Amino acid sequence: MTAPAGIALSGLSKTFTGRGKRIEALRDVTLTCPPGSFTALIGPSGCGKSTILRASLGLEPVDTGRVEIAGRPPAQATAAGLTGVAFQDAGLLPWRSVSRNIALPLEVLGRDVGSATGRIRDLITLVGLSGYEDALPGELSGGMRQRVAIARALVSEPRVLFLDEPFGALDQILRRQMNIELQRIWAETGATTLLVTHGIDEAVFLADRVAVMQANPGRIVEVIEIDLPRPREPSLFSAPHFHELCDRIAGVLHGG
Amino acid sequence: MAGDLRRWLPPVLLLLAWEVAGRLDLVASGALPALSEILSRLWQDRADYPAHVSATLAASGLGFVIGNALAVLAGLIFVLSPVTERLARGVNIAIFTLPPIAIAPILTLTLDGMTPRIVLAALGVYFVTMQATVTGLTQYDSRAADVVRAYGGGRGAVLRLVRVRGAVPAILSGFRVAAPNAVLGAILAEFGGGGRFGLGAYLLGSLGRGEPDRLWGIGLAATLIAGLSYAVFAVISRRMLGASLSLSLNPAGPEAEAGGRMSPLIGLGAVAMPFVLWWVILWVMRVPEMLGKTPWGVFDYLFLAEGAPVARERLLAALAETLPITLAGMAAGLAFAFGLAVAGRLTPTFTRVFLPVAIVTQTMPLVALTPLLVLLLGRGTAVTLWITISVTFFPAYVMIAQGIAQVPRAALELPRAYGASGWRELRLVTLPASLPWLFAAMRLTAPRALLGVMIAEWLATGRGLGNLLNQSRGYLDFGMIWTVAVVSVMLSVALYLAALWIERLVMTRKGIGAME
Ligand SMILES: Nc1ncnc2c1ncn2[C@@H]1O[C@H](COP(=O)(O)OP(=O)(O)O)[C@@H](O)[C@H]1O
Ligand SMILES: [Mg+2]
């Protein structure tokens, strides 16, 4: 379980052809996330962030390039239960209660759900949904559903965690709280994390490195190291160096 | 309060008018009795009903269960194996379009007891549920499936965890639409068979006695059973889903796929399959050669045997009577429905009152309606025409009106916001929005139109294919019974395919994909 579990993407290219149009979603994307690191992926909407994530999990076949998770091809890594994922859309099953939705990865992996009840309850508390264990997704707000998806991503105790704009539907206050929680979880579990986000401050607060992307074709234009000391406190959000880093990223994003 | 009044006033007025007209024998000299007369007759006949109703219920219930079980299984297989679906497409279309009355005599001659009724009820539900199952299993949430796949789940896991449970609402709504079909199938088989009990047998026995109030009572009972079966499943699915469901009937025919190019070999297989199945069933069931004609037997009867020219002549004469009236009735029914639905856009109140009425008629078994129309209109050609029109009109109206209702209000009102007149708005938005539904309705009602004509011919007018079938049944002319059955199924399939072809032609020209 303690084997190094990094992410290695090398030379990924992907072109979608739909109804006569060709979209070069990824061109020669190379990114290495060392075991235990936290990487943020930031870029304008439509630049291929979700595509990178889906390709990393083997959900989207790529035209060229290679994906390795913990040194294995994605299909093996996912089936071995090394990965956890929360997509941009929560993708909950509407007929399952919150706790049964969270248990879904365990069922797919063929693990024992019964012995994980306590863990599932803890996760529900962690994402602030105590009392909603038996609620159906239809009875929750968009933000609450996303938090269920985050709990679901953590339930299999993954070594590698993929998060696609997981806090997109949350309000600013809750978002800050979840950022702090996520940092704590990451520090505790040591899971290699790849976070897709469109919040610059979120990326700087959480990540060791921020990979900045641009669209048409989707590519990584710069990887910026975040040398802020850990653990990072909420007061960081108003520190001058923090803002310097944010400005630099904004410059790369908008500079072209 | 005012809203309540507006809702209840039209039906109350309608019932009142019916009562007055019935009491005064205003319609066709007493062919339409007052509701109170019908109810009191029902009360007088109350001892007759339990045996008939329970016989019909037993057959349609059993057929419903068997047909649906097969349908769900078939739907699952078709989703897992598209090649099988394509191979079975011919059989599916044949089952969807076949006029049940055409094969009722065959079933009653080759099977015994309740079996023909059960088979016809099962055939009536199969297609609707199979289609609903396929739709339900196909339209699943891809994001939820991604989650399963992201943990290494394969096709089986996605099917088990996401698709099967997700298909339940669609399957339930399939049951709901299929339930009245089972009742219709069972009653039609009772027409063809010699059984003593069943609403169909009761109806047939009472037809010659010129007692309108009893016929209306039986019709009412049949409608009630069909309507209740529909309602039961509407309640079950609402309970299970907790979501509001819109009423819709026979929502989908075989899919009008746009890009579905089949390899010629599979296409050939799809065409051959119904005939192979026909042969295999006869062989497996060891039906005596005299009774059960194979495809070759029918060919022989029509072209090679001694009496072939006579048989052909009779068949063609019957076709010449049946086909024109089917087409004319369909055209009139569709045009009427289209006009009324589109005009309804300009008078929303009318739609609000009429649409529920039209929906209710959908659960009324055709067989119950026919004798009543015969009473009202006599036994001439007019009755056939009216039956066809009503059989086409109501479903088409429901489809088109509900189709128009699906267009977002904003889209409908946009031209108005720019000062367009009502007519201009009609031309810009309502017509284009309703055209696809018109064609879908044409495709779906074509088989029903033929069924309506044949029932009328069988029961009333003594002409055409329906009559030829009934006569041949009397003479035990097995060759002709099989021939009429095969020809009317093929005719029904041809009507369906022609409608599909026209639909595609117009839709591609207009740049709109064919409706699902
Ligand atoms: N299945 C698909 N078919 C066609 N185009 C797609 C598909 N998935 C994504 N794309 C296109 O690829 C580009 C990148 O998409 P995505 O990775 O979702 O962007 P992001 O997550 O950065 O907003 C977009 O232009 C999008 O339209
Ligand atoms: Mg995205």
So if I place +1 on the C-beta of Lys and Arg and -1 on the C-beta of Asp and Glu, and nothing else carries charge, what would the dipole magnitude of the protein assembly as shown be about its Cα centre? I want it in debye, nearest 20.
560
How much of A:HIS254 can a 1.4 Å solvent probe reach, expressed as accessible area in Å² and rounded to 10?
150
Given a 1.4 Å probe, how much area per residue of region B:350-508 is accessible, in Å²?
38
Nearest 100 Å² is fine: how much accessible area is buried between B and A, summed over both sides, with a 1.4 Å probe?
1600
As a test question: what accessible area, to the nearest 10 Å², does A:ASP247 have when a 1.4 Å probe is rolled over all protein chains in place?
110
B:ALA498-B:GLU19 pseudo-label distance in nm [points 7 Å out on the Cα-to-Cβ vector]:
4.7
In nm, what is the difference between 0.36 nm times the number of residues separating A:THR117 and A:THR30 and their Cα-Cα distance?
27.4 nm
To the nearest 20 debye, what charge dipole does chain B have about its Cα centre, counting +1 at the Cβ of each Lys and Arg and -1 at the Cβ of each Asp and Glu?
1360
Length gained when the stretch B:ARG160-B:GLN406 is fully extended (0.36 nm per residue, less Cα-Cα span):
85.3 nm
Between the modelled labels at B:VAL65 and B:PHE303 (7 Å from Cα along Cα→Cβ) the distance in nm is 4.5
In terms of solvent-accessible area of protein heavy atoms at a 1.4 angstrom probe, what is the ranking of B:ILE502, B:ILE118, highest value first?
B:ILE502, B:ILE118
Could you order B:ARG448, B:ARG117 by accessible surface area, starting with the largest, using a probe radius of 1.4 Å?
B:ARG448, B:ARG117
Give a residue-ordered list of calculated ³J(HN,Hα) values for region B:131-136 (Karplus: 6.51 cos²θ - 1.76 cosθ + 1.60, θ = phi - 60°; whole Hz; x for Gly, Pro).
4, 5, 5, 4, 4, x
Evaluate E = 1/(1 + (r/R0)^6) for A:SER238 and B:MET240, where r is the Cβ-Cβ distance and R0 equals 41 Å; express this FRET efficiency to the nearest 0.05.
0.20
For chain B, what is the mean residue ellipticity at 222 nm derived from helices alone (per DSSP H run of n ≥ 4: -39500 (n - 2.57); sum divided by total residues; nearest 500 deg cm²/dmol)?
-26000 deg cm²/dmol
By the C-alpha gyration tensor axes a ≥ b ≥ c (rounded if a/c is under 1.5, else prolate when a/b exceeds b/c, else oblate), the shape of region A:91-157 is prolate
Ignoring ligands, DNA and RNA, the residues of region B:110-153 whose accessible area with a 1.4 Å probe is reduced by 40 Å² or more relative to the chain alone are B:ARG143, B:ASP146, B:VAL147, B:ARG149, B:ALA150, B:TYR151
So which residues of region A:30-60 lose at least 20 Å² of accessible area, probe 1.4 Å, when you go from the chain by itself to every protein chain present?
A:ARG54, A:LEU59
Shielding of A:87-99 by other chains, given as the mean Cβ count within 10 Å, works out to 4
Could you give the length gained on full extension between B:LEU323 and B:LEU9, defined as 0.36 nm per residue of separation minus the Cα-Cα distance, in nm?
108.9 nm
Express in Å², to the nearest 10, the accessible area of B:MET114 obtained by rolling a 1.4 Å probe over the protein heavy atoms while all chains stay in place.
70
With n ≥ 4 as the cut-off for DSSP H runs, can you work out [θ] at 222 nm for chain A, using -39500 (n - 2.57) per run divided by the number of residues, rounded to the nearest 500?
-10500 deg cm²/dmol
Label-point gap, in nm, between B:ALA420 and B:ARG312 - each point 7 angstrom along Cα→Cβ:
5.5
Kindly state, to the nearest 0.05, the FRET efficiency for B:GLU289 paired with B:ARG209, given R0 = 35 Å and r defined as their beta-carbon distance.
0.30
Protein accessible area in the protein assembly as shown, 1.4 Å probe - carbon and sulfur %:
63
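The values are calculated or read from the model by the stated rules, or taken from the named source; none is laboratory data. Everything numeric in this text was worked out from a predicted model, so none of it was measured. Positions of Cβ are backbone-derived with ideal geometry, glycine not excepted, and every protein chain shown enters the neighbour counts. Ligands, DNA and RNA are excluded from the accessible area calculation, which covers all protein heavy atoms including side chains. Shrake-Rupley method; radii C 1.70, N 1.55, O 1.52, S 1.80 Å.
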